[in-house]
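The values are calculated or read from the model by the stated rules, or taken from the named source; none is laboratory data. All of these numbers come straight from a predicted model, not from anything done at the bench. Positions of Cβ are generated from backbone atoms using ideal geometry, with glycine treated the same way; all protein chains shown enter the neighbour counts.
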Amino acid sequence: MLEATTTQPEDLHQLLFGSTNPVGGLPEDEPLLIDAHNTDRFYTFSDLRNNVRAFAHAILGPSFNLKQRDVVSICSPNDIEYYAAFHGTIAAGCIACPLRAFMTSDEIAALFHISNPKLIIGHPSTVQLLQDALKSYGKELPVLVMATTEAPAGTQLFSDFLKPTERQQEPLPSISPESPSHLLCTSGTTGAYKLVSTSHDIEVQRTLLMQLGGDQPFFAGKKEVNVLTCGNFGSSHNIISSQLSWIYGRIRQYITDSMDEEVILRYLSKYKCITPNMLPSFVVARLVDRVEQLKQAGDESLDLSSLRIIGSVGQPLDPKVIQRASKVLPGTFVVLIFGSTESGFMFMPTIDGGYPTYEGKYTREGDDRFEFKLVDENGQVVPRGCQGELLFRSPMIIKEYYNNPEKTAESFDKEGFFRTSDIFVMDEHDKVHWLGRSSERIKTSNKPVVPKPIEDLCMAFGGIKDCAVVGAFSKKRVYELPTAYIVLEDDNHQDKEKLAEAVARFVNERVPDEDSRLTGGVKVIPELPRTHVGKVNRFKLRQWAQDDIE
């Protein structure tokens, strides 16, 4: 953990590289960041610090002549060199812009138009994608390629700019705390990708807050602890989780880009990891399913005795998954974290799915910097028991959508609260319960209906693994009909048509009003469609529902 100082670091480079190694941290010359697929590739802390400084000086030097606040786009699977590229860009005072490697060339070109990058960093697997995107963008830019010793045609080796030079000993330029540190893509679930601009002071606050999180006892001062870092750095939670090991005491990280539960479990076992850091909720569910299957089959090939904590992010995790995890992974805590790219982490719920608050106002006891409210469509605070949009204000909230002043203006109210577009309700115990996104509400004949309570009733029927409820617009009735799509448990072999009818009856007898009845019916499907970031693709489900009623 970072040692206490009289002054708080003003930028990310100071935060991560300006602190002394705490007691129990890995020595500077021991492997810190290790390629999980090839452990011969690794960075020590000394390697990382030197490469970050070398790359920062390189992009500010005559090779590229970048200036502070220039954008550097990075499109690559996770790799140990990603750390040097990302943090080297930030240390120079430039703006790092991670792009997800699963995007299309047109989507990347659209983001180039927004961010106007001056340098591109890729990977052998993304070079063609980036070249196609640059062609659509209509500009020629230098492209560096990491994780290879042979530069593809038209590119340069990233590693060539990590070599020691005389300039490396020169001090790095000072950076204003309010300067943008990096841009992050929104999930794209509700429309075109947007770029969220986050600054050094915001990221320092987010990182220090996570340092105080509930997982600190698992990490602090324990150099024997290993962590598996999964997923693409294009997601905000993966970037911040990649920084935590240095804050907790420079603990060893094994790096993989895989979100496959078989790969994750194999590496957790092989490297005796304490956690896979934060995973999308659907990956956590698959991981628990797989462990359960292996145990039922008597397969003892995996040793998960070191596993202590799994962080679940993204869409809420079914409480049944947590209950099953406690049985098949005893001694392992599943921690649910609610937040967003724009707001950082806001709540950590209890096992019943409720998010505890303090005095109905603060998300951190005694800290009045973290404030929220639930409001109606007119911006008025709603009473307990009533649904409202969550508005949040804290030092972790973004300042803007990059080069998108219209979206920025509509995302904040006059008091500076950020509109999350998430619908919650507060109970009598000061717990707020997530009900869904405002864009997911079904426009029925009398009022908008959030799908989650209907989905919860479907799951309560039993024998259902997954469920999503969407609205199907009826041209005849001129409003939307709630329609449920369900995925059966693997051992549920009931007649699908009869089961769908039974689920519809079960739900319709228990919903609070006529508008919430499943008038669009229940459909049994093999699996729910998902976006690239693992969220349920409700747009596709609405298309299916629309096709079914027309």
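Out of (1) farther than 19 Å from Ser312 by Cβ; (2) modelled with pLDDT of 75 or more, the odd one out for Val227 is which?
(1) is the only condition that Val227 fails.
Check Arg517 against each of (1) more than 17 Å from Phe461 (Cβ to Cβ); (2) in contact (Cβ under 8 Å) with a residue 12 or more places away in the chain; (3) surrounded by 14 or more Cβ atoms within 10 Å (Cβ to Cβ); (4) of a type in the set (D, E, K, R) and name the one condition it does not meet.
In the conditions (1) more than 17 Å from Phe461 (Cβ to Cβ); (2) in contact (Cβ under 8 Å) with a residue 12 or more places away in the chain; (3) surrounded by 14 or more Cβ atoms within 10 Å (Cβ to Cβ); (4) of a type in the set (D, E, K, R), Arg517 misses (1) alone.
Which one is surrounded by the most Cβ atoms within 10 Å (Cβ to Cβ), of the residues in segment 107-155 that are touching a Cys at 6+ places or on another chain (Cβ under 7 Å) and small (Gly, Ala, Ser)?
Restricting to residues being touching a Cys at 6+ places or on another chain (Cβ under 7 Å) and small (Gly, Ala, Ser), the top hit is Gly122.
Condition first: over 14 Å from Lys163 (Cβ atoms), out of contact with any helix residue (DSSP H, G or I) (no Cβ under 8 Å at 6 or more places or on another chain) and surrounded by 17 or more Cβ atoms within 10 Å (Cβ to Cβ). Now tell me which residues in segment 46-66 satisfy that.
Leu60 - this is the single residue of segment 46-66 that is over 14 Å from Lys163 (Cβ atoms), out of contact with any helix residue (DSSP H, G or I) (no Cβ under 8 Å at 6 or more places or on another chain) and surrounded by 17 or more Cβ atoms within 10 Å (Cβ to Cβ).
Here are the criteria: (1) under 27 Å from the mean Cα position of the chain (by Cα); (2) farther than 30 Å from Gln293 by Cβ. Tell me which single one Thr531 does not satisfy.
Among (1) under 27 Å from the mean Cα position of the chain (by Cα); (2) farther than 30 Å from Gln293 by Cβ, Thr531 violates only (2).
Is it the case, given these coordinates, that Glu527 is surrounded by fewer than 13 Cβ atoms within 10 Å (Cβ to Cβ) and touching a residue at least 12 places away in the same chain (Cβ under 8 Å)?
So Glu527 passes the test.
For segment 272-281, which residues satisfy the criterion of being assigned to a loop (DSSP other than H, G, I, E, B) and more than 11 Å from Leu307 (Cβ to Cβ)?
Asn277
Conditions (1) modelled with pLDDT of 95 or more; (2) closer than 12 Å to Ile464 by Cα; (3) in contact with a strand residue (DSSP E or B) (Cβ under 9 Å, 6 or more places away or on another chain), marked per residue:
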site: Tyr479; (1), (2), (3): no, no, yes
site: Thr483; (1), (2), (3): yes, no, yes
site: Ile486; (1), (2), (3): yes, yes, yes
site: Asp491; (1), (2), (3): no, yes, no
site: Arg505; (1), (2), (3): yes, no, no
site: Val524; (1), (2), (3): yes, yes, yes
site: Glu527; (1), (2), (3): no, yes, yes
site: Asp548; (1), (2), (3): no, no, yes
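What is the number of the single condition among (1) surrounded by fewer than 20 Cβ atoms within 10 Å (Cβ to Cβ); (2) assigned to a helix (DSSP H, G or I); (3) over 28 Å from the mean Cα position of the chain (by Cα) that Glu28 does not meet?
(2)
Conditions (1) part of a helix (DSSP H, G or I); (2) closer than 16 Å to Pro173 by Cα, marked per residue:
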| residue | (1), (2) |
| --- | --- |
| Pro62 | no, yes |
| Arg69 | no, yes |
| Ser73 | no, no |
| Glu81 | yes, no |
| Thr89 | yes, yes |
| Pro98 | no, no |
| Leu111 | yes, no |
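State yes or no: is Ile108 aliphatic (A, V, I, L, M) and modelled with pLDDT of 95 or more?
The answer is yes for Ile108.
Which residues, counting only those in segment 353-405, are at pLDDT 85 or above, more than 20 Å from the chain's Cα centre (by Cα) and more than 21 Å from Arg437 (Cα to Cα)?
Asn403, Asn404, Pro405
Residues that are crowded, with 18+ Cβ neighbours inside 10 Å, modelled with pLDDT under 85 and acidic (Asp, Glu): does segment 303-325 have at least one?
Yes, that holds for at least one residue.
When both residues are 6+ apart or on different chains and their Cβ atoms are under 7 Å apart, which pairs have a first residue that lies in segment 137-166 and is among the β-branched types (Val, Ile, Thr), and a second that is crowded, with 18+ Cβ neighbours inside 10 Å and part of a loop (DSSP other than H, G, I, E, B)?
What qualifies is Val143/Thr155; Val145/His123; Val145/Thr155.
I'd like to know if segment 470-479 contains one or more residues that are buried (at least 17 other Cβ atoms within 10 Å of the Cβ) and among the charged types (D, E, K, R).
So far as segment 470-479 goes, no, none of its residues is buried (at least 17 other Cβ atoms within 10 Å of the Cβ) and among the charged types (D, E, K, R).
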